[in-house]
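Data first, discussion second: the structure below is written as structure tokens.
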Amino acid sequence: MITGRDLTRVYGMGAAEVRALDGVSFEIQKGEFVGVTGPSGSGKSTLLHMLGLLDRPTSGTITIDGQDVNPLDERARTQFRLRRLGYVFQDYALVPELTAWENVYLPSMARGMQARECSLVCTDILGLVGLGDRVNHLPSQMSGGEQQRVAIARALVNRPAILLADEPCANLDSRNSEIILDLFQRLNRDLRQTIVMVSHEEWHTRYFHRTIFMKDGKIETERRAVDKSPGSGDLLSSP
Amino acid sequence: MLEDSKVAFFFAKRSIARGNKGTLSLTIVILGMVFVNLVFLPSIITGVAVLFNQQSIDYSYGNLVIEPRKNEIYISNVDELQRKIGQIPGVNGVSPRYITGATVVYKGNAVTPQLYAINPDDDQAVLKIGSRVSSGEYLGEADTDKVVLGFRLAGNEDETQDVIPSLGGVEVGNVVDITFNNGVTRKYRVKGIITSDSYDADSAVFITRKEYESVFGLDNKANQVLVRTRETGGEEAMRITLMSFGVQEKIWTWQEKSANFLDQIIGSFNIINFIGTVVSLVIAVVVIFIVIFINTVYRRKQIGILKAIGIDRSIIIRSYLFQALFIFALGTLIGAAFLILILQILALNPIVFPGGAVAPVVDAPLIARSTLSLFVVSLIAGYIPAWMTTREDILSAIRG
């Protein structure tokens, strides 16, 4: 369902030219939980930005559900992000003046849902991430793990085709990281949610169906986990 | 469009409710003061205009002034003209008078004021000078050897207190010498002193028309005929009526007679007002701009995140516009409350101009104009910083 063909992303010009992506091609199937890993500067975040329509490739094409997203103008890309993609950031990126419930409510409201429907969906989704009793708390009143779960709820509220997570556990301790990864695993298994997650923690790869290893802007190798396939429900337990 | 506005309002409402209350309150108060400044000065200027207009009608011209035809010094057969005009519906009073210069002397002090020769009863049907006698009495129809002086002309023994050349402290009962411009000099006993707040009336000397005609050997003539109408504002229509009744002399409205004087005053005030208004609006623009700009720059990363999760740039801009409009709305209300307080204080302690007490005129067009101009600058000052910050590339904004 997601196809990248010969993606390059070049920053700067001449001697200062940096090839953050250098001819990357890949396919991600619906319901897959894919990890992208590699050392700093390998291009994994750049790739995620391309998939999240936050940046445009210098060359190459990205097709999501059969639609070439490169020709879309800014307004159409914004709408695409709102309706088809969910994005989880490393530092939670919640609006500090909004409660957990309101942070989740905002994108659903922007999508044009009726207020009643928004309320039901927000309450459901916050319950799903285990924050049913924290809905009226401001981000400043929640732990890092709880904030990240609110961010995940926000990313999921519009039922996105793909959930993109950019090192979502980077600011969390191992216990909270497990909670987040377990949650991703559950969402992937129960909702068949396609997830693409950037990480550079080795132990996170246990959760992925497939891990793409990147280096110097290229895909170095791919590794598929044994006995895992999208929707199989036969996943490794967390350590 | 409406859905987008709902989202923007939702976001703006919570940003206001949970944002920095101190900065918000200070901004609102500043906007309130700007609103007061936008309304107050023009209201005083209008008040001054109203005051001087009323002064012109009550103490100088009545509503209409009839003057001799071109190349003629006097209006002839004035009694007939007065009778004819007096019968016109809507006319309350008709007062023929002579105006001339004369030299008044008292204890060696010689002054050359304006001299008005009037029929006292007719004069009081048109002007209010007769009701502003501060000492003694006003002229009577039969008075031939008596004068009434304006208090500025009468003056003070202490010359430093005089604002115009005066007679050095004439009081009721004193005798002054008046030399007319035909060379005749006569003695007159001062019957009354006028204190009217009208610069014109307070600087003049008044005798009866009967006496003037005896000095100049005139009969049934006048330099001016003043007409008082029942209502002010219908002067143009009354001019046409007078013409239709056969008045062939020049007919002026009080606005035309006082135009230069008033235009100069109002023109000068309007320059001050214009500068004050521009400065106020610039202050409003700068304050709102800075508040919104700091707000958006401080939330640069957050704005990038909002765009990344699919919140359209126009929604973010609109949310800041709502915040600017909230500041405008509350600022205007607070300004209006403060203005009412100022007006109450001024009602108890009026501002006194040389022409009298000035009542600020706060009317609907002034409020609407001030509110609208503040509304527009608030929108501009809210829009530009939000537009500037939100046009930044998403990744640059997120990376900070």
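The values are calculated or read from the model by the stated rules, or taken from the named source; none is laboratory data. Fair warning: this is a prediction, and the values are worked out from it, not measured in the lab. Note that each Cβ is placed from the backbone with ideal geometry, even for glycine, and that neighbours are counted across all protein chains shown. Heavy atoms of the whole protein, side chains included, go into the accessibility calculation; ligands, DNA and RNA do not. Shrake-Rupley method; radii C 1.70, N 1.55, O 1.52, S 1.80 Å.
Just a few scattered comments:
- As a summary of the residue check, residue B:330 satisfies the conditions (1) open to solvent by 30 Å² or more (accessible area, probe 1.4 Å); (2) modelled with pLDDT under 90 except for the one numbered (2).
- If you go through region A:27-42 and pick out every residue that is closer than 21 Å to residue A:69 by Cα, open to solvent by 10 Å² or more (accessible area, probe 1.4 Å) and of a type outside the set (S, T, N, Q), you end up with 2.
- For region A:95-127, the set of residues classified as within 8 Å of chain B (Cβ to nearest Cβ) and among the acidic types (Asp, Glu) consists of A:97, A:102, listed by residue number.
- Among the residues of region B:98-150, those that are touching a Gly at 6+ places or on another chain (Cβ under 7 Å), open to solvent by less than 70 Å² (accessible area, probe 1.4 Å) and farther than 26 Å from residue B:81 by Cα comprise B:106, B:109, B:133, B:135, B:136, B:148.
- Any chance residue B:275 is open to solvent by 80 Å² or more (accessible area, probe 1.4 Å), away from every other protein chain (no Cβ under 13 Å) and over 30 Å from residue A:151 (Cβ atoms): yes
- Within this structure, residue B:50 fails the test of being buried (at least 19 other Cβ atoms within 10 Å of the Cβ) and aliphatic (A, V, I, L, M).
- Figure legend. Inter-residue proximity from region B:173-184: first residues on the phi > 0 side of the Ramachandran plot, second residues of a type in the set (D, E, K, R), beta-carbon distance below 7 Å, spacing 6+ or different chains. Indicated pairs: B:173/B:189.
- Search result, residues across region A:120-149 that are within 25 Å of residue A:80 (Cα to Cα) and either among the hydrophobic types (A, V, I, L, M, F, W, C) or open to solvent by 40 Å² or more (accessible area, probe 1.4 Å) (or both): A:120, A:121, A:122, A:123, A:124, A:125, A:126, A:128, A:129
- Look at region A:53-73: where a residue is farther than 19 Å from residue A:43 by Cβ and a partner is in a loop (DSSP other than H, G, I, E, B), sitting 6+ places away or on another chain with Cβ atoms under 6 Å, you get A:65/A:1.
- Only residues that are assigned to a strand (DSSP E or B) and closer than 13 Å to residue B:178 by Cα were counted in region B:200-218, giving 3.
- Only one entry of B:25, B:5 meets the criterion of being within 14 Å of chain A (Cβ to nearest Cβ) and farther than 26 Å from residue B:121 by Cα, and that entry is B:5.
- Matching option when the condition is touching a strand residue (DSSP E or B) at 6+ places or on another chain (Cβ under 6 Å) and under 20 Å from residue B:129 (Cβ atoms), among B:242, B:262, B:226: B:226
- Qualifying residue in region A:195-209 (condition: buried (at least 23 other Cβ atoms within 10 Å of the Cβ), in a helix (DSSP H, G or I) and at pLDDT 90 or above): yes
- Test: residue in region B:226-235 that is open to solvent by 10 Å² or more (accessible area, probe 1.4 Å) and either in a helix (DSSP H, G or I) or aliphatic (A, V, I, L, M) (or both): no
- Annotation note: of B:268, B:258, the sole residue that is among the hydroxyl-bearing types (Ser, Thr, Tyr), assigned to a helix (DSSP H, G or I), away from chain A (no Cβ under 14 Å) and surrounded by fewer than 17 Cβ atoms within 10 Å (Cβ to Cβ) is B:268.
- Enumerated strands (runs of 3 or more DSSP E) restricted to region A:1-94, each holding at least 1 residues that are more than 14 Å from chain B (Cβ to nearest Cβ): A:2-11, A:18-28, A:33-37, A:59-64
- Filter result (of a type in the set (A, V, I, L, M) and either modelled with pLDDT of 90 or more or in contact with a strand residue (DSSP E or B) (Cβ under 8 Å, 6 or more places away or on another chain) (or both)) within region B:348-360: B:348, B:351, B:352, B:357, B:358
- Tally of residues being under 14 Å from the mean Cα position of the chain (by Cα) and either of a type outside the set (A, V, I, L, M, F, W, C) or more than 15 Å from residue A:166 (Cα to Cα) (or both) across region A:195-206: 1
- Among the residues listed as B:340, B:292, the single one being β-branched (Val, Ile, Thr), at pLDDT below 85 and in a helix (DSSP H, G or I): B:292
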